[in-house]
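Structure, as structure tokens:
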Amino acid sequence: MSRYRRAYVPGGTYFFTVVTERRQPILTHAEVRLALREAIVLVRETLPFRIDGWVLLPDHLHALWTLPAGDADFSTRWRLIKRHVTRTCGPAYMRRDHLTERRAAKHCGTLWQHRFWEHLIRDDRDFRHHLDYLHGNPLKHGLVERVADWPWSSFHRWVRQGTYSADWAGVGSDGLVVEEPCRAMKWTPPSYGVNAPD
């Protein structure tokens, strides 16, 4: 059996997918959203990172982060974020039927899948592709008919900055998805970690 090896690149920009245990649709609950926001603020105080893109769906989230120069430790950041949310919301969302022997032995909660998926962003085109992907995700999953209608996304920030039009990506009158990926992008980072939107 091969072991998965993560790509740790200091100062890198990464796309992440983090999923709830057994895809429980809880991430958009108010108390979980609040705990997640608190966790991110707390972690960024000691282990800073820039959030380039974000979308929160009921059972998973996608994020684009840029780490500081000389720092490649995204795993600790995610561990601390997930732990804070679990400690804050875990008792209310504990699922005994999801508690395996391994999780019980490690005193793990049942909110999150054990691992997460990451992709190291290679260049500006890759960045734009993943930013479009995460912003279009609520539409892809049938949660909205227009990307702008999903409230838990960095899409609105990028619209305010003029990168996307407010009507980018939606369902047309024929029922097909209308999207113009990348064309709307005005921002090209000279190097990741510099001049990115807040």
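The values are calculated or read from the model by the stated rules, or taken from the named source; none is laboratory data. Computed from a predicted structure; not experimentally measured. Every residue, glycine among them, receives a Cβ derived from its backbone with ideal geometry; neighbour counts consider all protein chains shown.
Structure notes:
- Consider region 28-62 and keep the residues that are in contact with a Ser or Thr (Cβ under 6 Å, 6 or more places away or on another chain) and among the aliphatic types (A, V, I, L, M). The one that is nearest to Phe116 (Cα to Cα) is Val55.
- Where helices (runs of 4 or more DSSP H) fall wholly inside region 53-166, the ranges with 3 or more residues that are of a type in the set (S, T, N, Q) and either modelled with pLDDT of 95 or more or over 13 Å from the mean Cα position of the chain (by Cα) (or both) are 74-93.
- Of the criteria (1) modelled with pLDDT under 95; (2) outside any loop (DSSP other than H, G, I, E, B); (3) not hydrophobic (A, V, I, L, M, F, W, C), which one Glu38 fails: (1)
- Checking each residue in region 167-183 for being buried (at least 16 other Cβ atoms within 10 Å of the Cβ) and either modelled with pLDDT under 85 or under 21 Å from Arg33 (Cβ atoms) (or both) picks out Ala169, Gly170, Glu179.
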